[in-house]
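Each remark here refers to the structure printed beneath this line.
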Ligand code: TYM
């Protein structure tokens, strides 16, 4: 099993990233050969102040290590140190069809009303993402649900490339989307996902939030006035309640029903403080490690450099084979 996944180094690691993706990365380290990267080339599809991007890239590396990514078990690096990502992306731009990209919902969301003013990179972004996984012959890609469409596109691009060039250059990657937290929702609105770009800080829990902030954000999280029911089915139309139950279930690696069994008949007055305690217990050790690690820039840079060296080595044969298959002289 070859596991590949990435995260954009913009802002803070939040609970959606952690429960939807990173927690699965940590588990998969024991099961396969893993490549995890900071998607800095994706971050620049919108303007980033260079010093902030540099700092965020190192901080996100520290966050991943604090969350359990072990640089001795996994290959950890940033895209910009592996030129093959950008090189392969160009070959895949010539494979992907404009009609396919036009269907990508994330571009529509991110470009908003000003589509003409969006960067070409923001539009082409999913093709670079395809290159990210195909370059390592990924078999499994652990992500949250919001990345599903991008991975389906990666499979379409790989299939067309292999067919057009009459050669099995790329492995078809399987998205690995699992657990109750595949889509963690905003704490302020159960209909939209928890996201770095939500202007409301109260909508998400960040890795950098201290214990008191976590307690407050959970206390203020939007809920309804009813007691918790006995079955998950009865939570169908109660998005906010379902989300809080799912968060706890993901922290404990259990089915949401198991959490509900403990709280059926009780109101949020009882549930929220208990959830806040559980979250603090989970996040405090990660945050403590993160705060310590992020000071040590030299160590982080050394880890990324070593990971990138290994990644370049693994990527080279696939990049070469792709150029060769297309008839490019080198
Ligand atoms: P990014 O940086 O937005 O998010 C990183 C990971 O966190 C997951 N995630 C969530 N999961 C559950 N609930 C949420 N509210 C939530 N918010 C984010 C994302 O699904 C993702 O797994 N395009 C990618 C980065 C990327 C990538 C790749 C991923 C670049 N190349 C190749 C996989 C393979 C992104 O912007 O993720």
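The values are calculated or read from the model by the stated rules, or taken from the named source; none is laboratory data. Bear in mind that the values here come from a model prediction, so they are computed numbers and not experimental data. All Cβ positions, even for glycine, are placed from backbone atoms using ideal geometry, and neighbour counts span all protein chains on display.
Points to keep in mind about this one:
- Options 228, 260; residue that is surrounded by 19 or more Cβ atoms within 10 Å (Cβ to Cβ), without any contact (Cβ under 8 Å) to a residue 40 or more places away in the chain and more than 15 Å from the ligand (Cβ to nearest atom): 260
- Cβ pairs under 7 Å, 6+ apart, first in region 96-117 and more than 18 Å from residue 148 (Cα to Cα), second in a helix (DSSP H, G or I) and at pLDDT 95 or above: 111/122
- Yes/no for residue 11 being within 10 Å of the ligand (Cβ to nearest atom), under 20 Å from residue 170 (Cα atoms) and either assigned to a helix (DSSP H, G or I) or in the same structural domain as residue 152 (by the TED database) (or both): no
- Exclusive hit being away from the ligand (no atom under 15 Å from the Cβ) and touching a residue at least 24 places away in the same chain (Cβ under 8 Å), set 43, 71: 71
- Restricting region 201-216 to residues that are in contact (Cβ under 8 Å) with a residue 24 or more places away in the chain and away from the ligand (no atom under 15 Å from the Cβ), the residue that is surrounded by the fewest Cβ atoms within 10 Å (Cβ to Cβ): 210
- In this structure, residue 284 does not qualify as at negative phi, part of a helix (DSSP H, G or I) and touching a strand residue (DSSP E or B) at 6+ places or on another chain (Cβ under 6 Å).
- A count restricted to region 161-200 and to residues that are within 15 Å of the ligand (Cβ to nearest atom) and outside any loop (DSSP other than H, G, I, E, B) stands at 5.
- Test: residue 156 is surrounded by fewer than 22 Cβ atoms within 10 Å (Cβ to Cβ), away from the ligand (no atom under 12 Å from the Cβ) and either over 24 Å from residue 83 (Cβ atoms) or at pLDDT below 95 (or both): yes
- With respect to the stated conditions, residue 58 fails to be without any contact (Cβ under 8 Å) to a residue 24 or more places away in the chain, more than 13 Å from the ligand (Cβ to nearest atom) and either under 15 Å from residue 310 (Cβ atoms) or assigned by the TED database to the domain that holds residue 138 (or both).
- Residues in region 16-49 that are part of a helix (DSSP H, G or I) and under 11 Å from the mean Cα position of the chain (by Cα): 16, 17, 18, 19, 20, 21, 22, 23, 24, 25.
Conditions (1) more than 19 Å from the chain's Cα centre (by Cα); (2) under 21 Å from residue 9 (Cα atoms), marked per residue:
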| residue | (1), (2) |
| --- | --- |
| 173 | no, no |
| 182 | no, yes |
| 190 | yes, no |
| 194 | no, yes |
| 203 | no, yes |
| 215 | yes, no |
| 221 | yes, no |
| 228 | yes, no |
